[in-house]
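Read through the structure below, which is laid out as structure tokens, and then see the notes.
What follows is calculated from the coordinates using simple rules that are stated; it is not laboratory data. No experiment lies behind these values; they were computed from the predicted model shown. FYI the Cβ positions are ideal-geometry reconstructions off the backbone, even for glycines, and counts take in every protein chain you see.
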Amino acid sequence: MSFVSFETAGRQTYGLWKDEDHWIQVPAAFEAQHPDLKSVIQAGKLDALASATRQDGHVVTSAQARLLPVIPNPGKIFCIGLNYKSHVAETKRSDSEYPSIFTRFADSLSAHNAPLPHPKETLRFDFEGELAVIIGKGGRHISQAQAFEHIAGYACFNDGTARDWQRHTHQWIPGKNFPLTGPLGPFMATTGEIPDVNKLTLESRLNGAVMQHASLADLIFTLPVIIEYLSSFTPLSPGDVIATGTPGGVGDRREPPVYMKPGDVIEIEITGLGTLRNVVSRAE
């Protein structure tokens, strides 16, 4: 099952992904009890949502609506840095005993097919294709053995980064939080649809040219390790998002560097999770 959040007639809603141009809107009676996709996840009602929407939902087209980030209102967004050997190598950093963590704000998220605004404050706007994990069941001190029980699903993510702002200090947050620079989507597939993340392949393409290509089996810190680590210092909640890191091939580490510019098309494709596509625009 694949779930989406979208806006139609000036109102945010949600439902099921049918295809690139058609989504099935949740029935009004179900939405009255669960106002957004995060609340459905919190209630453990994804199966009920799918059943009710297939039976009584109605189809909305991309001409009538626009997608939102799969989870438009996460309580927490965690990002894992330096989590592929290929990326660690190109950054010339040493291995780490623990995951490298930074955070994003909810207003830094964007959606599939939304314009990706190039911050006017930077000339070094880079892409980072990543697998995003959406937390289903919250908790604290979650063990690695129980970690997958706490995952609702997965989505593609592009951690759009202003590299110069990222390096102003040792804290990366400024370069990672320009508004609308983190597309998340196009949809969330449940763990039932993706039984083994190690079999997934991630590919990033800039104007059709392959920039990144890697297996999710190459993660240094696996999903159970990440979830155990995060939940050791803070409670995880339904709808929280974890971006699990990017492989080698980022534009900043190429010779010469390759940065995104207005008019460019950036695509992040992950097996079973569709293709997240955005056109870079000039920030207003």
Two-site label geometry, Ser51 and Ala145: point separation in nm, points 7 Å out along Cα→Cβ: 3.1
Karplus-derived 3J(HN,Hα), 6.51/-1.76/1.60, for each residue of the range 144-159, Hz, glycine and proline x: 4, 5, 9, 4, 5, 5, 9, 9, 7, x, 9, 8, 7, 9, 10, 7
Listed peptides 263-270, 127-134, 245-252 by packing density, highest first (mean Cβ within 10 Å): 127-134, 245-252, 263-270
Square roots of 5 times each gyration tensor eigenvalue, C-alpha, the range 1-47, largest first, Å: 17, 13, 8
Amide H within-cut-off set for Met211, under 5 Å, with H built and near neighbours excluded: Ser204, Arg205, Leu206
The chain: angle of helix 223-233 to the longest principal axis, Cα-based, in degrees nearest 10: 90
Positive-pole candidate from Thr275, Pro27, Val265, dipole of the chain, charges at beta carbon: Val265
Alpha-carbon centroid distance for the pair the range 51-116 / the range 151-196, whole angstrom: 4
FRET E, pair Glu7, Arg282, Förster distance 25 Å, beta-carbon r, rounded to 0.05: 0.65
Lysines whose Cα lies under 26 Å from that of Lys38, excluding same-chain neighbours fewer than 8 positions away: Lys18, Lys76, Lys137, Lys176
(i) 20.9; (ii) 18.9; (iii) 20.2, with the label sought being that of the calculated Kirkwood radius over Cα pairs in Å: (ii)
Hydrodynamic radius by Kirkwood, which averages 1/r over all alpha carbon pairs of the range 13-157, in angstrom: 17.9
Column: log10 I(q)/I(0), Debye, Cα scatterers of the range 145-284, q = 0.11, 0.20 Å⁻¹: -0.45, -1.43
Rounded tilt (10° steps) of 46-56 against the dominant C-alpha axis of the chain: 50
Reachable aspartates and glutamates, given that their alpha-carbon falls under 16 Å from the alpha-carbon of Lys261 and they are not under 8 places away in the same chain: Glu121, Asp126, Glu128, Asp159, Asp164, Asp252, Glu284
Within the range 105-181: Cβ-based charge dipole about Cα centre, in debye rounded to nearest 20 (Lys, Arg +1; Asp, Glu -1): 140
Residue-wise HN-Hα coupling along the range 21-38, computed from phi with Karplus coefficients 6.51, -1.76, 1.60 (Hz; x: Gly, Pro): 10, 9, 10, 9, 6, 4, x, 4, 5, 6, 5, 4, 8, 9, x, 8, 5, 4
